[in-house]
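Peer 1: I have a structure I would like to understand better, so I am pasting it below and will then ask my questions one at a time.
Every number here is computed from the coordinates shown, using simple stated rules; none is lab data. All of these numbers come straight from a predicted model, not from anything done at the bench. Reconstructed Cβ throughout: ideal geometry from the backbone, glycine too, with neighbour counts over all protein chains shown.
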Amino acid sequence: MSELTVATDGIRKYGSTSTEAAGRIAQAAAVDLGANIAAVAPAVGPVGIEFLEAFARAQATHTKDVAALARFYAGNAATAGAAAQAYDTTDHAIATDLTAAAGSTGATA
């Protein structure tokens, strides 16, 4: 039988790091698209209207994708927390069962 050792504190630390990353990425996604367009408009002038439209679409897609990345990291954090809790709960339950079984046979655990 092979052994499995799980460092649940490490899993939780990964979850915390993922939570922090999700927050920072979400901040990056919260750009002001109108301000970006307004900043670029004077540089391209009326001739650059098509460029501005394409730029606005690209910025909107970028913002949506960065927000999705933030949600991905938040999901990682939730999954890591749930996994660590499941390992700890299972480990505790098995230890309790083994202690009870050892006690019922007169053996020491």
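Peer 1: Just to verify a number: FRET efficiency for Leu52 and Ala26, C-beta to C-beta distance, R0 = 22 Å, to 0.05?
Peer 2: 0.25
Peer 1: Let me ask something additional. Roughly how many debye, to the nearest 20, is the charge dipole of the chain about its Cα centre, given +1 on each Lys and Arg Cβ, -1 on each Asp and Glu Cβ, and no other charges?
Peer 2: It comes to approximately 240 debye.
Peer 1: Among Thr61, Thr90, Val44, whose Cα lies farthest out toward the positive end of the dipole of the chain, if unit charges sit on the beta carbon of Lys, Arg (+1) and Asp, Glu (-1)?
Peer 2: Result: Val44.
Peer 1: State which helices in the chain qualify, where a helix is a whole DSSP H run, it must extend 24 Å or more along its own axis by its Cα atoms, and its mean Kyte-Doolittle hydropathy must be at least -1.0.
Peer 2: 8-29, 49-105
Peer 1: With Cα Rg over 2.2 N^0.38 Å as the read-out, I listed (i) 1.50; (ii) 1.00; (iii) 1.97; which label goes with the value calculated from this structure?
Peer 2: Correct label, based on the coordinates given: (iii).
Peer 1: Would you mind computing, in nm to one decimal, how far apart the modelled labels at Gln85 and Asp65 are, each placed 7 Å from Cα along Cα→Cβ?
Peer 2: Distance between label points: 3.4 nm.
Peer 1: For each of Arg57, Arg71, count neighbouring Cβ atoms within 10 Å of the residue's Cβ, then give the residues from fewest to most.
Peer 2: Arg57, Arg71
Peer 1: By its C-alpha gyration tensor, with a ≥ b ≥ c as the square roots of the eigenvalues, how is the stretch 1-57 shaped: rounded for a/c under 1.5, else prolate for a/b larger than b/c, else oblate?
Peer 2: It comes out prolate by the Cα gyration axes.
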